[in-house]
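Reading through the structure tokens given below for one structure.
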Amino acid sequence: MSVEKLYFDELNGKKVYIYKITNSSGASAELMTLGAGVHAINIPDKNGKIEDVVLGFDNAADYVNPDYGYQGLTVGRWANRIRDGKFTFEGREYTTPQNQGTWTLHGGGTFSFGLWDVEETGDDFVTFKRFSPDGEDGFPGNFTMRVKYTLTNDNTLKIDYSVLSDKNTVANPTNHTYFNLSGKAGETVENHYLQILADYFTETDTSQLATGELGEVKGTMMDFTALHKIGDNIDEPFRACIGDVGYDNNYCLRNKDGAFALAAVLEERESGRKMEVYTDLPGIQLYCGGWLKRDYTVGKGDSKVTYRRGVALETQFYPDALNIDSFPLWTVKADEEFKTTTEFRFTTI
Ligand code: BGC
């Protein structure tokens, strides 16, 4: 195992670095100081051919363009949507930026697009750290977040998030990597097989804001209880999907009490690559890049970061759980470490 520090680019006059963790079989993960983000995951296919299975860019500026979809970034302080950009927490109202429509998306932007410090590296891990002052993007508490990425010899990328705050507060960190297990970022993900261990999803209105209702997946295009192709029903008209965006929905995982468990399985059968997602969080956003531009946005190498070329499986608390009391939520207690872990486990079939 080894970790190398590589210069990537500059952003606003500051240097951005990539930390590349390589394991004993030659698989590697490239993690950026920009957004504590995933730049690349280089993983073998069924014949041992190592290819990059995530979308991304060759320059820093594209990563912080909100229209390009938060590629690979650690999203915070609160992932997904907050209705009207406000919420009440412990009797006080907080206002967050309406950076999309009338709501907050992905914490309002500042936190997700920041540069992180590197606190520690080891043979198989790197820990990024970022301080967010009390009131940044409207959220309470002087807030320090750490994101530790570990790559194991059996090709698991483990993400440990930890938050410390001097006040009670909230946190909903996620990782916004878009996977394309074919290793060919020019292909859509419609042929990937997907399973999500969820019987319900959170219903949404025409602005994709959570209504507080749960919908049953059974008998609808939302049903991924059994492994099947993402493209099978993606274009079916459905009340919780918008036009031809396809899936951009939160699933309510069966495991919702904080235990660490399997949440989803993704397979691309030509390359034979398989990925399992494990988390201790109660929700997962299935997003297939349906809001990305349809014309060609140049990604890493000459890849395409465009419509449906990657699938994001964002582990999270349910969207707008800050405003909807019936949604599960555990909060950050002052001076107590809040922790959550997600793993992406890669194998072949
Ligand atoms: C959201 C999408 C959004 C994407 C990129 C996803 O988590 O649900 O609506 O377009 O992130 O910002």
Go over the candidates A261, A321, A312 one by one and state the one that is hydrophobic (A, V, I, L, M, F, W, C) and surrounded by fewer than 23 Cβ atoms within 10 Å (Cβ to Cβ). A261
Counting just the residues of segment 286-298 that are surrounded by fewer than 24 Cβ atoms within 10 Å (Cβ to Cβ) and not hydroxyl-bearing (S, T, Y), which one comes out nearest to the ligand (Cβ to nearest atom)? W291
For segment 205-217, does any single residue satisfy the condition of being at negative phi, polar (S, T, N, Q), in contact with a Pro (Cβ under 9 Å, 6 or more places away or on another chain) and touching a residue at least 24 places away in the same chain (Cβ under 8 Å)? no
The residue that is nearest to the ligand (Cβ to nearest atom), considering only those in segment 320-335 that are acidic (D, E) and in contact (Cβ under 8 Å) with a residue 60 or more places away in the chain, is D320
Filtering segment 167-183 down to residues that are within 14 Å of the ligand (Cβ to nearest atom) and under 30 Å from E336 (Cα atoms) yields N172, P173, T174, N175, H176, T177
Answer yes or no: is there a residue in segment 327-337 that is of a type outside the set (A, V, I, L, M) and over 15 Å from V163 (Cβ atoms). yes
Check G91, G26 and return the single one that is surrounded by fewer than 21 Cβ atoms within 10 Å (Cβ to Cβ), over 20 Å from the mean Cα position of the chain (by Cα) and touching a residue at least 12 places away in the same chain (Cβ under 8 Å). G26
Return the total of residues in segment 246-281 being within 16 Å of the ligand (Cβ to nearest atom) and under 15 Å from the mean Cα position of the chain (by Cα). 10
State all residues of segment 229-244 that are within 16 Å of the ligand (Cβ to nearest atom) and either crowded, with 18+ Cβ neighbours inside 10 Å or in a helix (DSSP H, G or I) (or both); if no residue qualifies, say none. I230, I234, A240, C241
Could you tell me whether segment 307-319 includes any residue that is in contact (Cβ under 8 Å) with a residue 24 or more places away in the chain, away from the ligand (no atom under 12 Å from the Cβ), under 30 Å from K46 (Cα atoms) and not polar (S, T, N, Q)? yes
Hand me the list of strands (runs of 3 or more DSSP E) wholly inside segment 79-132 holding 1 or more residues that are touching a Gly at 6+ places or on another chain (Cβ under 8 Å), within 19 Å of A36 (Cβ to Cβ) and away from the ligand (no atom under 16 Å from the Cβ). 125-132
Hand me the list of strands (runs of 3 or more DSSP E) wholly inside segment 18-64 holding 3 or more residues that are of a type in the set (A, V, I, L, M) and within 25 Å of L292 (Cα to Cα). 28-32, 37-44
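Only the coordinates and a few stated rules stand behind these numbers; no lab work does. Everything quoted here is computed from the prediction, not taken from an experiment. Backbone-built Cβ (ideal geometry, glycine too); neighbour counts: all protein chains shown.
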